[in-house]
Amino acid sequence: MSRRIVVPFGPQHPVLPEPIHLDLVLEDEHVIEAIPSIGYVHRGLEKLVEKRDFKDFVYIAERICGICSFIHSVGYCQGIENIMDIEVPKRAQYLRTIWSEYSRLHSHLLWLGLFADSMGFENLFMNSWRIREKILDAMEETTGGRVIQGSCKVGGVRRDISDSKLKDMVKDLDILSSDIEDLCHVFFDDDTVIHRTKGVGVISKEAAYSLGAVGPTARGSGVSTDIRKTGYVAYADLDFSPVVETGGDCYARCAVRARELLQSVDIIKQAVDAVPSGDIDVKVKGNPDGEYFSRVEQPRGECLHYIKANGKKNILRERVRTPTTANIPALVKMLGGCEMADVPVIVLSIDPCIGCAER
Amino acid sequence: MTIEEQKYTDIMKEDLLKNVKDKCESGYRLVQIGCGKFGDIFEINYSFEKEYSFENLRIKTTEGEKVPSISDIYWGSFIYENEIHDLFGVEVTGINLDFKGNLIRTTVKAPFNVKNVTKVKPEKKETAEKKTEDN
Amino acid sequence: MSYLTKSPWIIHYDASSCNGCDIEVLACLTPLYDVERFGIINTGNPKHADIFVVTGSVNEQNKEVIKNIYNQMPKPNVVVGVGICACSGGVFRECYNVSGGVGELIPVDVYVPGCAARPEQIIDGIVKALGILDKKYKDSKKGGDFK
């Protein structure tokens, strides 16, 4: 005779670096329903636009999340630049692309590590993070910050990277890509990984699309969507196509991210080859007046910054829709019917970033 | 320098469900629902995307008016609708997963509906400091 | 380091942080910085922990959680606030849902400033905390009180 019980999961849980709370309704070992509740890290930073002027808000936007920090600032700046009709110099656009891809590398390696940890694969966790430190070194050398860079501003970027440094970065990436390939092999072929992830937390293509899933969560189910294809910053000049897997399970989502690592390395190489010389910023005069939906592709998926301004120093409204928020409905569906022991793996497979989701 | 064309369609609140249903049937994905308060008017944007074409439906509402939920059409909309309720105090009726104000629990109720929200208790702190000085 | 002879374990809680400091705390535990060589392990169980590492600022929601974790930890223990948000609220101090640094809620022994705090700083802070923990431990042997 089965009996229904409710098990609370989180907010402080060993597998989660961040607090999210789920009420899991269990029948024996099976999850019947999962009810998320968030709000542990809600800060209300969207309201800060009333107190900071639009140029200073870049720093707040960057601190929405410490993992996708750089891409948040790109999203925000791009919105303001569109409203004010600012033509950002090509070189700045390329530098933004390069840093964005470095962010993606660092975020995906971080996630692969945490994912390995969630299935008890300690060695793989440490190995992913060992490789990630090399990426952070490059970030630190070029921007001065490891996780919060502060190098994007309205009208361009704050720092230039010299051409010789760019060449060195590519050389380092060449060495690194063989490490990354080795790491990917483990995620693709290792029995432990396959056993824990194949067929776990399946979501179909139709469901993923209609639930509004984004990023690797959607691409793992065969939905080919990648906001980089809209050609913001310098992506329009670069050659790449969205990484798509069709399994729809945790293995597929993991494979998407692992393959995106190599894709990012490739994009950086292309960008370094094509980076033009010139200025890195333009002077910004006046205040924004208008509204714009700025979309960027973060490591976790599509992120949207909506900005509305009325010609004053402080903008009226900044709304951020982060990828994790969009993926929560899909997560709830994935958890229905799974086993209790698989919950940590499934929760991590959407790459939850609660700092982003709650702002 | 426009990357994406910005399409807005202003619609009446009564026509919302019909319009959203049309979008759903022609294969659009729900990107987000976002609210903003400008003056006394709440502006709610429903954003959709299909093959990188990005479109918005916009409704306007005022304090005390109710907005119908679109969660019968897009199941995942509950997360945005609860958020709008918690942050703006706009009542959304008929959400499939209604958290009744408990999705994002904030210190100030409906903070985006209040003007100049400042942090509570700067006074208390002063008195506390005084106390320690006295000691 | 003539500190503790035993291995101090840490428990980490993210109190409305932006993640930046959290991932740096985790980075301390991984190969490049590797605090495990000092016997420091990140545990999920408050009753196993000697050092409470808090990142981010306090809000109404997580107040109870922080207090709970702190009260469950065996005494003597030390609290390390990592990042500027844990010190004072940082850039978010004016947000409506942020009530300030961790110090408003529980006694903090070491503050590590920075946004985000770098792993070197965090390790430095933890080592300082070990000294305080040692002192507290000795005091407790003398029959003193744990605070």
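The values are calculated or read from the model by the stated rules, or taken from the named source; none is laboratory data. As the structure is a computational prediction, the values presented were derived from the model and not from experiment. Glycine gets a Cβ as well: all are built from the backbone with ideal geometry, and neighbour counts include every protein chain shown. Accessible surface is based on the protein model in full, side chains and every heavy atom, while ligands, DNA and RNA are left aside. Shrake-Rupley method; radii C 1.70, N 1.55, O 1.52, S 1.80 Å.
Filter the range B:49-62 down to the residues that are part of a loop (DSSP other than H, G, I, E, B) and either surrounded by 13 or more Cβ atoms within 10 Å (Cβ to Cβ) or touching a residue at least 24 places away in the same chain (Cβ under 8 Å) (or both) and list them by number. Hit for the range B:49-62 is B:Y52, nothing else.
A:G199 meets all of the listed conditions (1) modelled with pLDDT under 85; (2) over 18 Å from the mean Cα position of the chain (by Cα); (3) crowded, with 21+ Cβ neighbours inside 10 Å; (4) not hydroxyl-bearing (S, T, Y) but one, namely (3).
Looking at C:N62, is it open to solvent by 60 Å² or more (accessible area, probe 1.4 Å), without any contact (Cβ under 8 Å) to a residue 60 or more places away in the chain, within 13 Å of chain A (Cβ to nearest Cβ) and within 30 Å of A:E122 (Cβ to Cβ)? Taking the combined requirement at face value, the residue does not satisfy it. Annotation: of all residues in the range C:100-113 being modelled with pLDDT under 85 and open to solvent by less than 20 Å² (accessible area, probe 1.4 Å), the one that is farthest from the other protein chains (Cβ to nearest Cβ) is C:V102.
One line per residue, one yes/no per condition, for (1) under 28 Å from A:G44 (Cα atoms); (2) within 12 Å of chain A (Cβ to nearest Cβ):
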position	(1), (2)
C:I10	no, no
C:S16	yes, yes
C:V25	yes, yes
C:P46	no, yes
C:M73	no, no
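Please find, within the range C:65-81, the residue that is surrounded by the most Cβ atoms within 10 Å (Cβ to Cβ) out of those that are more than 20 Å from C:C115 (Cβ to Cβ) and in contact (Cβ under 8 Å) with a residue 40 or more places away in the chain. Within the range C:65-81, the match that is surrounded by the most Cβ atoms within 10 Å (Cβ to Cβ) is C:V78.
Being more than 10 Å from chain A (Cβ to nearest Cβ), part of a helix (DSSP H, G or I) and over 30 Å from A:V282 (Cα atoms) is a description that applies to B:K18. Checked against (1) modelled with pLDDT under 85; (2) among the β-branched types (V, I, T); (3) open to solvent by 10 Å² or more (accessible area, probe 1.4 Å), C:I84 meets all criteria but (1).
Where in the range C:38-147 are the helices (runs of 4 or more DSSP H), entirely inside, with at least 1 residues that are closer than 24 Å to C:C28 by Cα and among the acidic types (D, E)? The helices (runs of 4 or more DSSP H) meeting that bar are C:119-141.
Considering every residue within the range A:18-35, establish whether at least one is surrounded by fewer than 24 Cβ atoms within 10 Å (Cβ to Cβ), closer than 26 Å to C:V54 by Cα and touching a His at 6+ places or on another chain (Cβ under 7 Å). Scanning the range A:18-35 turns up no residue that is surrounded by fewer than 24 Cβ atoms within 10 Å (Cβ to Cβ), closer than 26 Å to C:V54 by Cα and touching a His at 6+ places or on another chain (Cβ under 7 Å).
Restricted to the range B:20-48, and to residues there that are over 19 Å from the mean Cα position of the chain (by Cα) and not small (G, A, S), the residue that is most open to solvent (accessible area, probe 1.4 Å) is B:E25. Among the residues of the range B:65-82, those identified as without any contact (Cβ under 8 Å) to a residue 24 or more places away in the chain and either open to solvent by less than 20 Å² (accessible area, probe 1.4 Å) or of a type outside the set (A, V, I, L, M, F, W, C) (or both) are B:F78, B:N82. Answer yes if at least one residue in the range A:338-350 is modelled with pLDDT under 85, surrounded by fewer than 24 Cβ atoms within 10 Å (Cβ to Cβ) and among the small types (G, A, S), and no otherwise. The answer is yes, given that some residue of the range A:338-350 is modelled with pLDDT under 85, surrounded by fewer than 24 Cβ atoms within 10 Å (Cβ to Cβ) and among the small types (G, A, S). Check the range B:117-133 and report whether any residue there is within 11 Å of chain A (Cβ to nearest Cβ), open to solvent by 100 Å² or more (accessible area, probe 1.4 Å) and modelled with pLDDT under 70. The answer is no, given that none of the residues of the range B:117-133 is within 11 Å of chain A (Cβ to nearest Cβ), open to solvent by 100 Å² or more (accessible area, probe 1.4 Å) and modelled with pLDDT under 70.
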